[in-house]
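> Below is the structure I would like to discuss, written out as structure tokens.
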Amino acid sequence: MNELIPLFEFQRVFVTPWTQDFSSSVWIVLMGFFVATACGLVGNYLILRRMALVGDAISHSILPGIAVAFLISGSRGSLPMFLGALVAGAVTTVLIEVIHKKSRVKQDAAIGIAFTSLFAVGVILISLFASKVDLDQECVLYGEIAFIPLEGMVEFAGLTLGPPSVVRMALVTLVVALLVGLFYKELLVSSFDPALAFSLGINSTFVHYALMAMLSVVVVSAFEAVGAILVIAMLILPGATATLLSHRFPVMLGLTVLHAALSAVLGLHLGVWLNCSLAAAMVVAGTGLFIAAAAVFGYQQTHAHEHSQNNNLRGRRGD
Amino acid sequence: MSPPPLEIHDLTVAYHKKPVLWGVDLVVPPGKLVGIVGPNGAGKSTLIKAAMGLLPVSSGWVKVFGEPVAKNLRRVGYVPQRESVDWDFPVSVMDVVLMGRYGKLGLLKRPTKADHDKARECLDKVKMLPYANRQISNLSGGQQQRVFLARALAQESDLYFMDEPFSGVDAATESAIIALLHELRAAGKTLLVVHHDLPTARNYFDMLLLLNMRVVAFGPTEEVFNYETLQKTYGGRLTILSEVAEAVRVKG
């Protein structure tokens, strides 16, 4: 056995987390679940709209957003950070549109320009003012879900709810799920056919910016736990896995939640086994689920896809 | 007299400062099946998109049933080009047709049983009811087009804009579409259809709009469909001109 890989001990990996360390395991898994669910639900729409890269962009550009928010407010409070990240998200979205529309640069290149520039500004700001702000670059980039049990507990009306970041993430997840449920029609039709949405009196531009705002809120809530980089995986993996397993959007949303739950639990055990970053372990577990889904159901899907491609070709030949 | 279904005055549309449509004036009478023909890049799709308010216009205005189009969108139905959407999208045929009902539902409402019944009725009209539960990627081009038409029917509009509904469909679908257009016309609807095939244009439509950046001619098909106007529309495009000559010859 290689010394680099810790020995797999069933007791330590699967039993102890739920006996000896029960309370910390629960909060960590719940946090992972909420992060992956909120990200996954929004991510489904990003995938459908072929905007996965925008999630990438916004998760990077919140770095300058929170840096500026720190500098202005001087606090690490969640409200200034929220606002900073939200503004950064909005700036990124608008910047991408402006670069794309006002120049002949294609959208993917515009995204590349917008977020790398903003990210670089964020890095400069943090390194310039590192002495003044209590901001850990490692934490911003990779997050630390393992510290959650060290937080105090939020109490409300005599009830102990849980660590503040978990409570916050639960609220965000609830709001996202509610919005996705309430505006299901509008989100669906504007993702599928924006022109039709317009003719139905649904403002696709508004839906686009609302989705971007939701994405910014989700990303900034999630980044404390999993960091600005791993959150991208959380955005894409659940939806991508669901895409392999179902052709029905409501089913895909359900599978997204299932994927989130499984990633969180399996990630915890993987992290305990390897004694590594729990956020990274959760992402790797999610990737494992994706690969498993691709291995089992991928062929069928590719086959169906080729079938439709052929049909399209057949259709176009008649032009 | 009730206002015309569509009235366009001095409409100019530009992409990146290059005009695509120039000073379009048009009054479409009710209950007509109007074909919009012209060479590639003539601005056919642009015209219907601008008429619906989908594209910003540089000048001019559009009225639908006497009101600015934005106020009367409920009365407008739209069939986009088939290629404009992702057919791998995770929805069923039924889901797509139900989208046509969304405009009537308003915020926070889910499609009711009546909406489902209406959607089924529309699918039946285009003979796609047996495919209602199919994922849309498992459809042929003609079937996809019929789904789009069923969706337009479900919108229950009075004025329809259709962008190349005949593009890349099989013969059965083509005749099904024509039958449907005639049925809509009989119900008093007004239809504007972008079409690119000249020989069939003459048979399909009551009126033709010959377009090449400007309106070259607009009127009843038998008046407008002649060598002179077609040559004006298609200019020096030789291959198409011979096609035009052929079309005129067949007509004579």
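The values are calculated or read from the model by the stated rules, or taken from the named source; none is laboratory data. All figures in this text were calculated on a predicted structure; none of them were measured in a lab. Cβ coordinates were reconstructed from backbone atoms using ideal geometry, including for glycine residues, and neighbour counts include every protein chain displayed.
> For segment A:237-263: of the residues being of a type in the set (Val, Ile, Thr) and in contact with a Phe, Trp or Tyr (Cβ under 9 Å, 6 or more places away or on another chain), which is surrounded by the most Cβ atoms within 10 Å (Cβ to Cβ)? Spell out the reasoning first.
Our first condition is that a residue be of a type in the set (Val, Ile, Thr); within segment A:237-263, this holds for A:241, A:243, A:251, A:256-257.
Pick out the ones that are also in contact with a Phe, Trp or Tyr (Cβ under 9 Å, 6 or more places away or on another chain) and you get A:241, A:257.
Details: A:Thr241: 28, A:Val257: 18.
The extreme case among them is A:Thr241.
> Tell me, yes or no, whether segment A:164-174 has at least one residue that is in a helix (DSSP H, G or I), in contact with a strand residue (DSSP E or B) (Cβ under 7 Å, 6 or more places away or on another chain) and more than 10 Å from chain B (Cβ to nearest Cβ). Quick ask: steps written out before the conclusion?
Kept after step one, since they are in a helix (DSSP H, G or I), are these residues of segment A:164-174: A:164-174.
Filter once more, so that each one left must be in contact with a strand residue (DSSP E or B) (Cβ under 7 Å, 6 or more places away or on another chain): A:164, A:167.
After this cut, where a residue has to be more than 10 Å from chain B (Cβ to nearest Cβ) as well, the list is A:164, A:167.
Looking through segment A:164-174, at least one residue is in a helix (DSSP H, G or I), in contact with a strand residue (DSSP E or B) (Cβ under 7 Å, 6 or more places away or on another chain) and more than 10 Å from chain B (Cβ to nearest Cβ).
> Can you tell me which residue is nearest to the other protein chains (Cβ to nearest Cβ) among those in segment B:154-179 that are within 22 Å of B:Lys44 (Cα to Cα) and assigned to a helix (DSSP H, G or I)? It would help to see each step written out before you state the result.
Going residue by residue through segment B:154-179, those that are within 22 Å of B:Lys44 (Cα to Cα) are B:157-169, B:174, B:177-178.
With assigned to a helix (DSSP H, G or I) added as a condition, the list becomes B:174, B:177-178.
Working: B:Glu174: 9, B:Ile177: 13, B:Ile178: 16 Å.
So, considering only residues that are within 22 Å of B:Lys44 (Cα to Cα) and assigned to a helix (DSSP H, G or I), the one nearest to the other protein chains (Cβ to nearest Cβ) is B:Glu174.
> Let me ask something else about it. Which of the residues that make up segment A:231-265 are in contact (Cβ under 8 Å) with a residue 12 or more places away in the chain and among the β-branched types (Val, Ile, Thr)?
The answer is A:Val231, A:Ile232, A:Ile236, A:Thr241, A:Thr243, A:Thr256, A:Val257, A:Val265.
> Let me ask something else. Might you check whether a residue that is at pLDDT below 95, surrounded by 19 or more Cβ atoms within 10 Å (Cβ to Cβ) and farther than 30 Å from A:Met212 by Cα occurs anywhere in segment A:1-16?
Scanning segment A:1-16 turns up no residue that is at pLDDT below 95, surrounded by 19 or more Cβ atoms within 10 Å (Cβ to Cβ) and farther than 30 Å from A:Met212 by Cα.
> Check segment A:185-196 and report whether any residue there is small (Gly, Ala, Ser) and surrounded by fewer than 24 Cβ atoms within 10 Å (Cβ to Cβ).
In the first step, residues of segment A:185-196 are kept if they are small (Gly, Ala, Ser); the result is A:190-191, A:195.
Then drop every residue that is not surrounded by fewer than 24 Cβ atoms within 10 Å (Cβ to Cβ), which leaves A:195.
Yes: segment A:185-196 contains one or more residues that are small (Gly, Ala, Ser) and surrounded by fewer than 24 Cβ atoms within 10 Å (Cβ to Cβ).
> Within segment A:70-84, identify whether any single residue is buried (at least 20 other Cβ atoms within 10 Å of the Cβ), among the aliphatic types (A, V, I, L, M) and in contact with a Gly (Cβ under 6 Å, 6 or more places away or on another chain), and answer yes or no.
no
> Moving to a separate point now. Condition first: part of a loop (DSSP other than H, G, I, E, B) and either within 17 Å of A:Leu178 (Cα to Cα) or out of contact with any strand residue (DSSP E or B) (no Cβ under 9 Å at 6 or more places or on another chain) (or both). Now tell me which residues in segment A:247-278 satisfy that. Write out each step before concluding.
Residues of segment A:247-278 that are part of a loop (DSSP other than H, G, I, E, B), as a first pass: A:247-248, A:275-277.
Hits for segment A:247-278 are A:Asn275, A:Cys276, A:Ser277.
> Which residue, of A:Leu237, A:Leu215, A:Leu211, is more than 30 Å from B:Lys104 (Cα to Cα) and either of a type in the set (Ser, Thr, Tyr) or away from chain B (no Cβ under 14 Å) (or both)?
On the way: A:Leu215 fails: more than 30 Å from B:Lys104 (Cα to Cα); A:Leu211 fails: more than 30 Å from B:Lys104 (Cα to Cα).
None of the other options fit; the residue is A:Leu237.
> Against the definition (under 30 Å from A:Leu262 (Cα atoms), at pLDDT 85 or above and in a helix (DSSP H, G or I)), how does A:Ile111 come out, yes or no? Full working, then the answer.
Numbers: under 30 Å from A:Leu262 (Cα atoms): no; at pLDDT 85 or above: yes; in a helix (DSSP H, G or I): yes.
The answer is no for A:Ile111.
> So if I check each of B:Thr200, B:Thr173, which one is hydroxyl-bearing (Ser, Thr, Tyr) and either touching a Ser or Thr at 6+ places or on another chain (Cβ under 7 Å) or farther than 16 Å from B:Gly35 by Cα (or both)?
One residue alone meets the criteria, B:Thr173.
> Does B:Val34 satisfy the criteria of being among the aliphatic types (A, V, I, L, M), more than 10 Å from chain A (Cβ to nearest Cβ), touching a helix residue (DSSP H, G or I) at 6+ places or on another chain (Cβ under 6 Å) and crowded, with 16+ Cβ neighbours inside 10 Å?
Working: among the aliphatic types (A, V, I, L, M): yes; more than 10 Å from chain A (Cβ to nearest Cβ): yes; touching a helix residue (DSSP H, G or I) at 6+ places or on another chain (Cβ under 6 Å): no; crowded, with 16+ Cβ neighbours inside 10 Å: yes.
In short, no.
> For segment A:73-108, what are the residues that are in a helix (DSSP H, G or I) and of a type in the set (D, E, K, R)?
Matches in segment A:73-108: A:Glu97, A:Lys101, A:Lys102, A:Asp108.
> Determine the pairs where a residue that is more than 7 Å from every other protein chain (Cβ to nearest Cβ), located within segment B:82-95, has a partner that is assigned to a strand (DSSP E or B) and of a type in the set (Asp, Glu) with Cβ atoms under 9 Å apart, the partner being 6 or more residues away or on another chain.
B:Arg82/B:Asp163
> Are any residues in segment B:10-31 in a loop (DSSP other than H, G, I, E, B) and in contact with a helix residue (DSSP H, G or I) (Cβ under 9 Å, 6 or more places away or on another chain), and if so, which ones? Let's see the steps before the verdict.
Keep residues of segment B:10-31 that are in a loop (DSSP other than H, G, I, E, B), which gives B:16-17, B:29-31.
Scanning segment B:10-31 gives a single hit, B:Gly31.
> Another one. Please verify whether segment A:224-231 includes one or more residues that are crowded, with 22+ Cβ neighbours inside 10 Å, more than 14 Å from every other protein chain (Cβ to nearest Cβ), within 27 Å of A:Val13 (Cα to Cα) and β-branched (Val, Ile, Thr).
yes
> Quick check: anything in segment B:131-139 assigned to a strand (DSSP E or B) and touching a strand residue (DSSP E or B) at 6+ places or on another chain (Cβ under 9 Å)?
Of segment B:131-139, the ones assigned to a strand (DSSP E or B) are B:135.
From what's left, touching a strand residue (DSSP E or B) at 6+ places or on another chain (Cβ under 9 Å): B:135.
Yes, some residue in segment B:131-139 is assigned to a strand (DSSP E or B) and touching a strand residue (DSSP E or B) at 6+ places or on another chain (Cβ under 9 Å).
> Working only within segment B:48-61, note down all residues that are touching a Leu at 6+ places or on another chain (Cβ under 9 Å) and within 14 Å of chain A (Cβ to nearest Cβ).
Going residue by residue through segment B:48-61, those that are touching a Leu at 6+ places or on another chain (Cβ under 9 Å) are B:48-53, B:57-61.
The answer is B:Ile48, B:Lys49, B:Ala50, B:Ala51, B:Met52, B:Gly53.
Here is a yes/no grid of residues against (1) on the phi > 0 side of the Ramachandran plot; (2) among the hydrophobic types (A, V, I, L, M, F, W, C):
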position	(1), (2)
B:Val13	no, yes
B:Lys17	yes, no
B:Val20	no, yes
B:Gly23	yes, no
B:Leu26	no, yes
B:Leu33	no, yes
B:Gly41	yes, no
B:Ser45	no, no
B:Ile48	no, yes
